[in-house]
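What follows is a set of notes on a single structure, which appears directly below.
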Amino acid sequence: MPNVSKYIFKIQRFSIHDGPGIRANLFFQGCPLSCIWCHNPESQKMLDSKKNSDIQSVCDALMETIQKDLIFFDESGGGVTFSGGEPLCQPDLLFALADSCKALEIHTCLDTSGYAPFSILEKASRKVDMVLYDVKLAIDGTHRKYTGQPLGPVFDNLTRLSDQNTNLLLRWPLIPDITDTQENINGIIEFVKNNTRYRDINILPFHKAADGKYERLSLKNKMGKIQIPSEQSIRKTASIFKFHGFNVTLNG
Ligand code: SF4
């Protein structure tokens, strides 16, 4: 039996937040970013790629679990979402899973930060039915400060996916005082409108569900003092995106 949890640190069945219908979310281990608001800090540690020899058996074991929910996918128009961490950090497993799902006509979503070589992102985007693409911060300095990585690849890759007509939903985490500033919102709207064909955006308001996790893992929670956004501020921010022609959905 392969050690699936080394590759996929969590399987969340019956999710209704990350793509259409009822979904099985597979959370991939490893992420090149270190967003200070991350709800899955345990996902960030990268795998040692040299040891990933049992991809097919991991894929087979995961497909066994996934297939238990086929009836729910069929009834709800749901499927499987590859999330993380960053699924593009384990391309071989991602491609194997996407191919296996396609063979069974299971709808697939790739939930990504977009921070990856374009060749891998492009190949993945052709294998899945839909890409959920994070746009967090529109200014390079703040992107580096709050995620640990430069902005360039994220925006460049988004532009290139748009040029290829990839079916894509933008996702924007609303983090008070960090992403939810007038300057950042304006920057995101301007970039997306000027460089892409995408106008559907899913706003993900910050929540405190990960606080306990930071404590359990003895990790420093830099968001400890940040409060969850009020309903009013969420509505106000959503209305700015709507005013600029975006179709807005909330909470996945
Ligand atoms: S991209 Fe997602 S998983 Fe990676 S650090 Fe940021 S919030 Fe966490």
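The values are calculated or read from the model by the stated rules, or taken from the named source; none is laboratory data. Not measured: the values here are computed from a predicted model. Counting neighbours? That spans all protein chains shown, and the Cβs are built from the backbone with ideal geometry, glycine included.
Details
- Among the residues of the stretch 28-40, not a single one is within 25 Å of residue 134 (Cα to Cα), away from the ligand (no atom under 16 Å from the Cβ) and assigned to a loop (DSSP other than H, G, I, E, B).
- Applying the criterion of being of a type in the set (A, V, I, L, M) and farther than 15 Å from residue 122 by Cα to the residues of the stretch 69-95, the residue that is farthest from the chain's Cα centre (by Cα) is 71.
- Residue that is nearest to the ligand (Cβ to nearest atom), among those in the stretch 119-138 that are of a type outside the set (A, V, I, L, M, F, W, C) and in a helix (DSSP H, G or I): 125
- When the residues of the stretch 64-118 are filtered to those that are closer than 20 Å to residue 167 by Cα, assigned to a loop (DSSP other than H, G, I, E, B) and acidic (Asp, Glu), the one that is nearest to the ligand (Cβ to nearest atom) is 86.
- Looking across the stretch 194-209, the residues that are out of contact with any strand residue (DSSP E or B) (no Cβ under 7 Å at 6 or more places or on another chain) and at pLDDT 95 or above come down to 194, 195, 196, 197.
- Here residue 212 passes the criteria (1) modelled with pLDDT of 95 or more; (2) loosely packed, with under 12 Cβ neighbours inside 10 Å; (3) within 22 Å of the chain's Cα centre (by Cα) except the one numbered (1).
- Hey, residue 240 more than 23 Å from residue 111 (Cα to Cα) and at pLDDT 95 or above or not: yes
- The residue pairs whose first member lies in the stretch 106-127 and is among the polar types (S, T, N, Q), whose second member is away from the ligand (no atom under 15 Å from the Cβ), and whose beta carbons are closer than 7 Å, counting only pairs six or more residues apart or on different chains, are 108/79; 108/80; 108/98; 108/101; 108/128; 108/129; 125/161; 125/166.
- Residues in the stretch 1-27 that are within 11 Å of the ligand (Cβ to nearest atom) and under 14 Å from the mean Cα position of the chain (by Cα): 27 alone.
- Candidates are the residues of the stretch 144-160 that are part of a helix (DSSP H, G or I) and more than 16 Å from the chain's Cα centre (by Cα); the one that is nearest to the ligand (Cβ to nearest atom) is 146.
- Residue-level analysis places residue 17 outside the set of residues that are buried (at least 16 other Cβ atoms within 10 Å of the Cβ), under 29 Å from residue 156 (Cα atoms) and not polar (S, T, N, Q).
- None of 77, 114 is out of contact with any Gly (no Cβ under 8 Å at 6 or more places or on another chain) and more than 19 Å from residue 7 (Cα to Cα) except 114.
- Tally of residues being among the aliphatic types (A, V, I, L, M) and over 22 Å from residue 44 (Cβ atoms) across the stretch 1-22: 3
- Residues of the stretch 128-163 satisfying the condition of being more than 26 Å from residue 92 (Cβ to Cβ) and touching a residue at least 24 places away in the same chain (Cβ under 8 Å): 135, 136, 137, 138, 139, 142, 146, 155, 159, 162
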